[in-house]
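First comes the structure, then the notes that go with it.
The values are calculated or read from the model by the stated rules, or taken from the named source; none is laboratory data. The model shown is predicted, which means the values in this text are computed figures rather than measured ones. Glycine gets a Cβ as well: all are built from the backbone with ideal geometry, and neighbour counts include every protein chain shown. Calculation scope for accessible area: heavy atoms of the full protein, side chains included, ligands and nucleic acids excluded. Shrake-Rupley method; radii C 1.70, N 1.55, O 1.52, S 1.80 Å.
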Amino acid sequence: MTNARLVRLVAAAELPVILAIAPALLFPTPRRLVVLAVVPVIWLCARIAGGRVVPRTPMNAALWLMLVMAGVSLYATFDLRFSLGKVSGLLLGMLLFWAIARWMTTPDRLKLGTAAFLLAGGGLAVLGLLGTNWIDKFPALGAVIARLPRAIRGVPGAEEGFQPNAVAGCLVLFIPLQVALLATASHLGLLPPARMRGAGRWLLVVTQALLLILTAVTLLLTQSRGAWVGAMAATLAFLTWYSRRSRAIAIAAAAGLFVLAST
C-alpha cells in the first residue's frame, strides 16, 4: 500500500474513529482522554488528502471561539475533574460535527445521515424514558412518570439518572425536523413522494409519525418549560415559512397558546 493511499484511508476513517472514541469522551477521565491523540493524526491526513484540517462550514468561527473559551474555563475552574465532563462533551460534539460535515457531501449520504439522525432521536427518547431522574412539577404528568421503569441507573456522572433538562435539551433538536419531514412528505426522499402508493408509502409515514410521537411525549414528560418553548418556536417558525396552509395552522396554534397562557 502506497503512502498516499494510506493517508486517504486514514482521512476517510474520520467518522467511524470519532464514533469509536465517543464513549471515552462521554464518560471522561484524564486517562481515557489519551484517545484524543488520534485526532491530530486524522486531521493531518485530511489536510494532506483534501487540503483542509476541518471542512469549511458557516459554524467554524463560532466553534473555534467555543473551543478557546472552553480552554479558558479549564484554566479558571476550581476543580478540573468537575469541569472535564462538560468540556469533553463539547469537544465530542465539535469533532462529530466536522466529521459528519466532511462525510455528508452527496444527496444519498445526506438522506442516510438524516435517517440515522432521526433514528438516533428515537433511541435517545427511549433512553430518556428508561433512565431519567424525573422531577415532578406537574401532578398530571407525575402520575404517568410514576409508572415508568427506572431501568438505567449508575451511569458515571449520572448515578441517579439523567438530568431531565439535559434530556429535553437534546430531544428538542429532533422534533422540528420530524415535523418538517411529515409536512413536506417527500423532503430529502425520506418520506415517499406523491407518486408512491400502497403499503410502502404508509409504512414510512407511520414510522415517521411514531418517531415524532415518541420524542414529543418524552420531551413533554421532562417538564422542561424552556425546551417546550424552544420546540414550539422552531416548529411554528417552519410552519410559518412552509406554505399558506401551514402558515394558517401556525397562526391558529400561536393564538391557542396565547389564550392558554393568558388563562
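What tally of residues in segment 9-43 results from selecting those that are β-branched (Val, Ile, Thr), within 19 Å of VAL54 (Cβ to Cβ) and not in a helix (DSSP H, G or I)?
We begin by selecting, within segment 9-43, every residue β-branched (Val, Ile, Thr); these are 10, 17-18, 21, 29, 34-35, 38-39, 41-42.
Within this subset, residues satisfying the condition of being within 19 Å of VAL54 (Cβ to Cβ) are 10, 17-18, 21, 35, 38-39, 41-42.
After this cut, where a residue has to be not in a helix (DSSP H, G or I) as well, the list is none.
Going through segment 9-43 one residue at a time, the tally reaches 0.
Quick check on segment 6-23. Is at least one of its residues open to solvent by 40 Å² or more (accessible area, probe 1.4 Å), in contact with a Gly (Cβ under 9 Å, 6 or more places away or on another chain) and within 24 Å of PHE162 (Cβ to Cβ)?
no
Out of LEU148, LEU177, I need the residue that is hydrophobic (A, V, I, L, M, F, W, C), modelled with pLDDT of 75 or more, assigned to a loop (DSSP other than H, G, I, E, B) and open to solvent by 30 Å² or more (accessible area, probe 1.4 Å). Which one? Walk me through it before giving the result.
Details: LEU177 fails: assigned to a loop (DSSP other than H, G, I, E, B).
Criteria check complete, one pass: LEU148.
What's the number of the condition SER88 fails, among (1) in contact with an Asp or Glu (Cβ under 8 Å, 6 or more places away or on another chain); (2) in contact (Cβ under 8 Å) with a residue 60 or more places away in the chain; (3) open to solvent by less than 30 Å² (accessible area, probe 1.4 Å); (4) not β-branched (Val, Ile, Thr)?
Of everything listed in (1) in contact with an Asp or Glu (Cβ under 8 Å, 6 or more places away or on another chain); (2) in contact (Cβ under 8 Å) with a residue 60 or more places away in the chain; (3) open to solvent by less than 30 Å² (accessible area, probe 1.4 Å); (4) not β-branched (Val, Ile, Thr), SER88 misses just condition (1).
Under the condition of being in a loop (DSSP other than H, G, I, E, B) and under 18 Å from LEU96 (Cβ atoms), which residue from segment 58-79 is farthest from the chain's Cα centre (by Cα)?
PRO58
Go through THR263, THR184 for me and flag whichever is surrounded by fewer than 19 Cβ atoms within 10 Å (Cβ to Cβ), at pLDDT below 75 and within 18 Å of THR114 (Cβ to Cβ).
After applying the criteria, what remains is THR184.
Given the options LEU220, LEU210, name the one that is open to solvent by 50 Å² or more (accessible area, probe 1.4 Å), modelled with pLDDT of 85 or more and over 13 Å from LEU118 (Cβ atoms).
Selected residue: LEU220, the only one of LEU220, LEU210 that is open to solvent by 50 Å² or more (accessible area, probe 1.4 Å), modelled with pLDDT of 85 or more and over 13 Å from LEU118 (Cβ atoms).
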